[in-house]
Structures are given as C-alpha cells and as structure tokens.
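K.L.:
The following block contains the structure, expressed as structure tokens.
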Amino acid sequence: MWPEGKVQRLLYELYAYFAIFIGVTSYRYDYKRRVYKNNKWTQLVASLGNLFVYVLIPLDIYYVVMGSFGLDSATDLTVRLDTLVNDVVCLLRVVQRVPRERATKQLFQQLQRVQRIHRFGGVKDTQVELQMERIYLLKNILLWLLTISLLIFMMLAFEKFGSNIKNPIGNRLIVILYILVIDGQDVAIHMHFLLTWRICQLYLHLNARVKQLLKRNAATVTLELQHLRWQHWQLALLFQRLNVAYNFILLSSRFSLIVTAAALGYYISILRSMENKESIMITSFALYAMIALDCYLLDLIYDLTKQCHRETTWQLKEHNLVKNSNSHLSNGCEQFALQIACFPLEIKPYGLFPSGKATWLSNIVCIFSWMIVLLQYHMVAEK
C-alpha cells in the first residue's frame, strides 16, 4: 500500500510510532502482513497520550485565560491568542481521534480492495512518478524538521524568558511534552497527506492503463475500460469520504497554522531589538519557512490529485478526435467522460474554502496582513 523502498518505509515507520506515542492514532500499517491494524499496546500508548492531553491542555487554557505574562499589551494578546487557538484545536482533535481512525481504517481497506481488483498496467509517466516520490520524501522529512525546529524554538524562548522559574528542569520537560502534543495537529494532517498521495498514485496508474487501451482502438478493450471507469468512480468516492472524515483536521490545521505563522512573524519583528538574538532569530526564520513549505506541499498534492482525475477526461476526448475510431469504444469513452464530469474532485472543509496552491497564496497574504496589524498595535501600545 505504501512505498516499498527502504527509505520510504523507514520514514513511515518512524511517523507511525511517533503518531502512536503522542496519541494521534493507535493504528499503523504492517508491511509483513500488509494490513492496517492496531493492538492492545498501541491502544494503551495512544490512550495514555490522550489522557495527558486531557490533563495538560485544560490547565494551560486556565493559565492563559487567568494568568499574567508580564508583557506589553500587544505581545500579551498575541501570546494568549496563539496559545488558546492551539490548545482548543488540540483538545478537539483528541476528542475526534476514535471516529477518525476508524474512518481511516475503512478507507485504507477500501483502497486495498480497489487496488487488488485490477492490476493497473501501461507505461507510466516517469517524470510525474519521480515528482510524486520527491513530494513524499520531502513531506516526510519536513515533518521531522518542523518538529525539531519547534522544539528548539521553544527551548530557546524558555532560556530567554523563563530564567526566573524555580523548577527549570521540570518546566522544560512540560514544555517538551506540550510541544509534542501541539505537534499532533501536523501529524494528523500527515495521514491525510499519505492517503491523498496514494489515491493520486492510483490515478496515475489508471491513466497509464487507459492510454494504453485507447491506442488499440478496438472493441475488445471496451469491457476493461468499463472496469477502469468503475475504479475511477471508486477512487473519487473514496477521496470525498477521506475529506469528510478529515474535515475538522483540514479546517483547524489551516486556521491554527495561519494564526501561529502570523504570531511567529510578530515575534521575529520584536526580537530584533533584543540582545543575543542570533540563535532564536535563525530558528524562528527556519520555522516560519518550514510552516509555509509544509502548507505548500499539502496544497500541491491536492492539486496533483485533481489534475490526475481530470487527465482521464483529456485522454478520452483525444480518442474521440481520432479518425475511424471504434464505435463501441467511443461510446464507452463518452460514458466514462460523462461520469468524470458528474463526480468532480473538490477539497472544501465543511464547504468553506477550496484547498490548493491558489489557497496557499491567499493564506500567505492573510498571514502577512495579520502580522502587520499586530505590529501596528504593538507600535501604538509602546507610544
């Protein structure tokens, strides 16, 4: 189901065990048995991680609402808003863990069933396949770089602003555990990325087989074309079910990333006036860039999936333009194209906004707008 290469497999295994450890899911893909399953130990570890969230996050929310940070009004408001948004999102994500992982298991099984019914053949587009592999590797590597950068940023901020705390070792441990809990949002959206990546890959294989069949221009391939049409519809249906199961994750992840990135940009601006700022400034810029790149890769795989879905229609239309095309095959192509037109692929969390590279650009503009507003408020508060 997942890529069989050693590097790809290692990256997935690291991700799967990390997701279980922080309580995002209790399931993982077993490469030997080729099943997506859990057991009593993974359930226990994930449940303990969720229990820690139920204890830590409400306490952090209480401290954010009732506590005093000793900062200026603009920075105080930014810290409270950023922390509160991430805490609430984290708490709601944990509440939805069980139904989400059950839906993921069902989708995984259905994808395996679709893949086993028919082995896609044909000559694949090596350039697109290579692009898919690069996206997979880059997204998995970025997942760990983002986690490490977030940990380093929080530790540096703790060293700079938490020097008066009585129990620094215990507080450092709590900060590390808190960051792992908050990072669960990115880990959860990564599962959506993996399933979307797999659906996109199956569309690529299906399109290669369709192209091979259309070159024959014979009535004998009409039956197999009907099977491919059914599988094309199944993949579109599974993609829609995947988005429904991850609606909250898609919406909350995008919203929390916008808030965090805007707050981070504000922190970078006010840190410029402090002493010994080099290390934390470098980490902040790196974290800011990786958040933007992570969002871009997510939107890129969504656009590629929609593009592969539409590419089948282009192949069918090109066949209808061929002279002396087989009538039975042409009728099959028309029905196939009509089906694709009736079941378009869309990613709209709760129907609010479409996901794609165009959305990514608008999110970047929104982040800069919020950051400018915060800086203006900070300048007014200083005066």
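Quick note: the coordinates plus some simple rules give every number you see, no bench work behind them. Predicted model only: the values in this text are computed from it and were never measured. Reconstructed Cβ throughout: ideal geometry from the backbone, glycine too, with neighbour counts over all protein chains shown.
K.L.:
For the range 363-376, just list the computed ³J(HN,Hα) in residue order, Karplus coefficients 6.51, -1.76 and 1.60, θ = phi - 60°, integers in Hz, with x standing in for Gly and Pro.
P.N.:
Once θ is set to phi - 60°, the couplings for the range 363-376 become 5, 4, 4, 5, 4, 5, 5, 5, 5, 5, 4, 5, 5, 5 Hz.
K.L.:
Normalised by the residues of the chain, what does the relative contact order come to in percent, with Cα pairs under 8 Å and at least six apart?
P.N.:
For the chain, the relative contact order is 22 percent.
K.L.:
Strictly over 26 Å apart at the Cα level, which of K40/K348; K139/K306; K6/K105; K105/K348; K139/K357 would you flag in this model?
P.N.:
Distance filter (> 26 Å) returns K40/K348.
K.L.:
In the neighborhood of V53, defined by Cβ-to-Cβ distances under 11 Å, what is the net charge if each Lys or Arg adds +1 and each Asp or Glu adds -1?
P.N.:
Once all neighbours under 11 Å are counted, the net charge is 0.
K.L.:
Which one, L352, T313, V7, is farthest towards the positive end of the dipole of the chain when Lys and Arg carry +1 and Asp and Glu -1 on their Cβ?
P.N.:
After comparing all options, I get T313.
K.L.:
Calculate, axis by axis, the spread of Cα positions in the chain along the three principal axes, and write the results as whole Å, longest axis first.
P.N.:
Principal axes ranked by extent give 81, 49, 33 Å for the Cα atoms.
K.L.:
Counting Lys and Arg as +1 and Asp and Glu as -1, what is the net charge of the other residues whose Cβ lies under 15 Å from the Cβ of L338?
P.N.:
Computed value for this residue: +2.
K.L.:
Now, a different point. Say we join alpha carbon atoms closer than 10 Å with springs in a Gaussian network model of the chain; which of N39, N50, N243 then has the biggest fluctuation?
P.N.:
Looking only at N39, N50, N243, the largest GNM fluctuation is found for N39.
K.L.:
Can you give the longest run of the chain that contains no chymotrypsin sites (Phe, Trp or Tyr not before Pro) sitting in a DSSP loop with at most 14 other Cβ atoms inside 10 Å?
P.N.:
That would be 70-383.
K.L.:
Count the net charge of all other residues whose Cβ sits under 13 Å from the Cβ of S256, scoring Lys and Arg as +1 and Asp and Glu as -1.
P.N.:
-3
K.L.:
Taking the Cα centre of the chain as the origin and placing charges on Cβ (Lys, Arg +1; Asp, Glu -1), which of L84, L361, Q185 is farthest toward the positive end of the dipole?
P.N.:
It is Q185.
K.L.:
Here is a follow-up. Hey, got the dipole for the chain? About the Cα centre, +1 on K and R Cβ, -1 on D and E Cβ, debye to the nearest 20?
P.N.:
1640
K.L.:
Is it possible to state the helix-based mean residue ellipticity at 222 nm for the chain, with each DSSP H run of 4+ residues giving -39500 (n - 2.57), the sum divided by total residues, to the nearest 500 deg cm²/dmol? What is it?
P.N.:
Taking each H run of at least 4 residues, the total per residue is -28500 deg cm²/dmol.
K.L.:
Please compute the Kirkwood hydrodynamic radius of the range 38-82 from all pairs of different C-alpha atoms, in Å with one decimal.
P.N.:
Hydrodynamic radius (Kirkwood, Cα only) of the range 38-82 equals 12.6 Å.
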